[in-house]
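Data block below; observations after.
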Amino acid sequence: MQVLRVAGGARLAGSVEVVGAKNSVLKLMAAALLAPGSTTLGNLPAISDVAIMHQLLGRLGCEVNTSGTGATDEVCITVPDHPQWEAPYDLVRKIRGSICVLGPLLARTGKAKVALPGGDAIGSRPLDMHFAGIERMGAEVRVEHGYVVAEAPDLRGASIWLDFPSVGATENILTAAVLAKGTTVIDNAAREPEIVDLCQMLVSMGAQIGGIGSSTLEITGVDGLKPTTHRAVADRIVAGTWAMAAVATRGDITVRGAHPEHLEIALDKLARAGAEVEALPGVGFRVAIAERPRSFDVVTLPYPGLATDLQPQAIALLSVADGTAMITENLFEARFMFCDEIARMGADVRTDGHHAVVRGREQLSGAPVRATDIRAGVGLVIAGLVAEGVTEVAEVHHIDRGYVRFEEQLRALGADVQRVESDTFGG
Ligand code: EPU
């Protein structure tokens, strides 16, 4: 088993580069299906989720060629005139994000059969809003033998209200609507920077979309789209992870390639914790702190609220901050599984429903712990950096799903982190 062995005590200092966002790139790759021919996407992170989406597009009949530096890639996706419309379970179960092929396949072929991704370590993730949205557009949706089968020979525009601004539902409805007959309005749409990125790619393919960046999207269907060249937006969650790591370790990190405006609330919290937060126009931002950070409360919400994907990293920081913090998790209740792991390192964290209370300690204590998902994984590494002694983080494959060469980047900032094979994890 591979584990990350983290020696506590480093103060992270230096500069890191952030590339394209996982949660954008997966959707951009799926959206390439909307036009026959070759679409080129740039600034892709070399992470395992992207490799799996690459395989999935291959199964759907696309030719996918990747070139790059090892950290950031460019991918050319050549989509056939008649793509396959079945996304199989063996690939879909590995990344939930692959459900985003549903909208593009339905729009292109009038039919889609996509395996249901199944359970997830961060909690229940139903797809009812995805289904209700495409049903309003005339699709017939049924679940059979573990697959969702959607059929719509004739997708038509519709007025759709989302009960909650779901990222995935907004994306699937949007990518179905761009080729539907007539106009679709999505009210209470998600407006994450990754949705804006997807809209911008679709517009460059010839789609007609109004209200980009707002919670009402108006999409007028067109007869066909053309392939495009697009560069993915920078990963705000990876950038936010570095910002939290800087403050937890009382360090000084310049995050290049990031957009601080996509992290307004998170960076404001860090400033209130006592950090110096500096936007560097055209470059990214810098976060530095010399003192012990002060505690702050966290409420996770859809964008522009503080992202649930930064919640474990925030808890890691707060577990060594001065004071008591209340964390309210509004998206994925099971994300607090992370609290049981960080408690093994001496963190004083109590949870009750979707609230957690964290009383800051001077220091944590290194221990063997398990990553339960991507963000829990990096949260535990941050905790390891502020712990006395050595922390071993198991289930590293979660971290590899979303972070490019994480331990190499940490070492470049001064941390003592090694990826090792361990037959005796925790023993
Ligand atoms: N929801 C429903 N019904 C639906 C869809 C969603 O009840 O039909 C609920 C979910 O259970 C959840 C909330 O709505 O409580 C929000 O879910 P959303 O659909 O917005 O999330 P998602 O599209 O499944 C994406 C990211 C997640 C990120 C969330 C929220 C991808 C591949 N995943 O998931 O990223 O946490 O948006 O921002 O884009 C991660 O990267 O670590 C990660 C989990």
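The values are calculated or read from the model by the stated rules, or taken from the named source; none is laboratory data. Quantities reported herein were computed from a predicted structural model and do not represent experimental measurements. Counting neighbours? That spans all protein chains shown, and the Cβs are built from the backbone with ideal geometry, glycine included. Quick note on the areas: whole protein, heavy atoms, side chains included, nothing else; ligands and nucleic acids left out. Shrake-Rupley method; radii C 1.70, N 1.55, O 1.52, S 1.80 Å.
For the chain, with a Gaussian network of springs between Cα atoms less than 10 Å apart, report the residue from D73, D81, D223 with the top mean-square fluctuation. Between D73, D81, D223, it is D223 that shows the largest mean-square fluctuation.
Hey, got the dipole for the chain? About the Cα centre, +1 on K and R Cβ, -1 on D and E Cβ, debye to the nearest 20?
On the way: 38 positive and 51 negative charges, 35 e Å.
In total the dipole reaches around 160 debye.
Counting 0.36 nm for each residue step from N65 to S15 and taking away their Cα separation leaves a gain of 15.0 nm.
Helix 48-59 and the longest principal axis of the C-alpha atoms of the chain enclose an angle of approximately 20°. Look at the alpha carbon pairs under 8 Å that are at least 6 residues apart: their mean separation over the length of region 22-231 gives a relative contact order of 21 percent. Taking Cα atoms, how many degrees apart are the long axis of helix 22-31 and the longest axis of the chain, rounded to 10 and kept between 0 and 90? Tilt of helix 22-31: around 10 degrees.
Taking all Cα pairs closer than 8 Å and separated by 6 or more residues, the relative contact order of the chain comes to 21 percent.
Note on the chain: dipole from Cβ charges, positive end direction compared against V386, I315, Q200; the farthest Cα belongs to Q200.
The Cα atoms of region 225-340 give a gyration tensor whose axes a ≥ b ≥ c have a/c of 1.5 or more with a/b no greater than b/c, which makes the shape oblate. Farthest toward the positive end of the dipole of the chain, out of G377, Q84, V149, is the Cα of Q84, where the dipole comes from beta carbon charges about the Cα centre.
Computed with a 1.4 Å probe over protein heavy atoms only, the accessible surface of region 271-407 comes to 37 Å² per residue. Label sites at D154 and A288, each approximated as a point 7 angstrom past Cα along Cα to Cβ, lie 6.6 nm apart. Ranked from largest to smallest solvent-accessible area, with a 1.4 Å probe on the protein heavy atoms, D400, D416, D197 come out as D416, D400, D197. Over the chain, dividing the summed -39,500 (n - 2.57) contributions of all DSSP H runs of at least 4 residues by the number of residues returns a 222 nm mean residue ellipticity of -8500 deg cm²/dmol.
For region 22-231, what class follows from the C-alpha gyration tensor (a ≥ b ≥ c being the square roots of its eigenvalues): rounded when a/c is under 1.5, otherwise prolate if a/b is larger than b/c, else oblate? Don't skip to the end; give the middle numbers.
Values: a/c = 1.34, a/b = 1.17, b/c = 1.14.
In terms of gyration-tensor shape, rounded.
When the chain is described by a simple charge dipole with +1 on each Lys and Arg Cβ and -1 on each Asp and Glu Cβ, the residue from T229, S422, S98 located farthest towards its positive end is T229. A protection proxy built from the mean count of other Cβ atoms within 10 Å ranks the segments 230-243, 209-222, most packed first, as 230-243, 209-222.
Identify the residues of region 380-404 with backbone N under 16 Å of a label point that sits 7 angstrom from the Cα of A51 along the Cα-to-Cβ direction, or state none. Within reach of a label on A51: 395-404. Accessible surface calculations at 1.4 Å, restricted to protein heavy atoms, place region 22-231 at 38 Å² per residue.
Tell me the carbon and sulfur percent of the accessible area for the chain, rounded to whole percent, probe radius 1.4 Å.
Working: 7560 of 16150 Å².
Roughly 47 percent of what the probe reaches on the chain is carbon or sulfur.
If you count Lys pairs in the chain whose Cα atoms are under 17 Å apart, skipping same-chain pairs closer than 8 places in sequence, the total is 5.
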